[in-house]
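Visitor: Take a look at the following structure, please.
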Amino acid sequence: MNPTSAGRWGEELVCGYIHEMGMRILKRNYRFGREEIDIIARDGDVTVFIEVKQRENTLKGLPQEAVTRFKQRAIIRTALGYMKQNHLLDSRVRFDVAAVLGSDITYIKNAFDATGVIR
C-alpha cells in the first residue's frame, strides 16, 4: 500500500470511529495555504480539529509522536484560517490526535491547545 492510500485508509477508519463517538464530520482534508487539517468535526458545540497519524509499526516511534510542536503550530494556523472563513472565531475549539497503528486507533482528546502559540 502506498503512503497516500494508507493515509486515506487511516482517515476513513478514524471517520468511522469519531462518527460512532457521536461527532459530525464537517470537512475533510481542509487546506489553508500550504497546510492541511485531516478532519474537522463537531462534538456538541465544539469544533474539533483532528490530526490523523498512521504507522504500520513502531520502528519510527508511535504515530502520535509525529505531531511535533512545529506540526501543532501549523495545525493551529490552519484552524484559525478555517475559523475566520466560517465566522467561528467566538466558538469553542479542540485539537485532537488520532493515532492509527496497524488497525488500532488511539484517540487523544485535547492533545494540545493554542495557548501561547498564536499571538
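Visitor: Within region 96-119, count every residue that is in a strand (DSSP E or B) and within 19 Å of Arg34 (Cα to Cα).
Guide: First, pick out the residues of region 96-119 that are in a strand (DSSP E or B): 96-101, 104-112.
If we keep only those that are within 19 Å of Arg34 (Cα to Cα) too, we end up with none.
So the answer is 0.
Visitor: Scan region 60-69 and give yes if some residue there is surrounded by 13 or more Cβ atoms within 10 Å (Cβ to Cβ), polar (S, T, N, Q), in contact with a helix residue (DSSP H, G or I) (Cβ under 9 Å, 6 or more places away or on another chain) and closer than 22 Å to Tyr17 by Cα, otherwise no.
Guide: The answer is no, given that none of the residues of region 60-69 is surrounded by 13 or more Cβ atoms within 10 Å (Cβ to Cβ), polar (S, T, N, Q), in contact with a helix residue (DSSP H, G or I) (Cβ under 9 Å, 6 or more places away or on another chain) and closer than 22 Å to Tyr17 by Cα.
Visitor: In the list Asn110, Asn29, Asn57, which residue meets the criterion of being polar (S, T, N, Q) and over 12 Å from the mean Cα position of the chain (by Cα)?
Guide: Working: Asn110 fails: over 12 Å from the mean Cα position of the chain (by Cα); Asn29 fails: over 12 Å from the mean Cα position of the chain (by Cα).
Among Asn110, Asn29, Asn57, only Asn57 is polar (S, T, N, Q) and over 12 Å from the mean Cα position of the chain (by Cα).
Visitor: Further question: With the requirement that a residue be part of a helix (DSSP H, G or I) and free of Cβ contacts under 8 Å to residues at least 24 places away in the same chain, what does region 46-84 give you? Give the steps one after another, and end with the answer.
Guide: Residues of region 46-84 that are part of a helix (DSSP H, G or I), as a first pass: 63-66, 69-84.
Result: Glu65, Ala66, Arg69, Phe70, Lys71, Lys84.
FYI, it's all coordinate maths here, none of it is from the lab. Remember, predicted model here, so these are calculated numbers, not experimental data. Every residue, glycine as well, gets a Cβ built from its backbone with ideal geometry; the counts of neighbours run over all protein chains shown.
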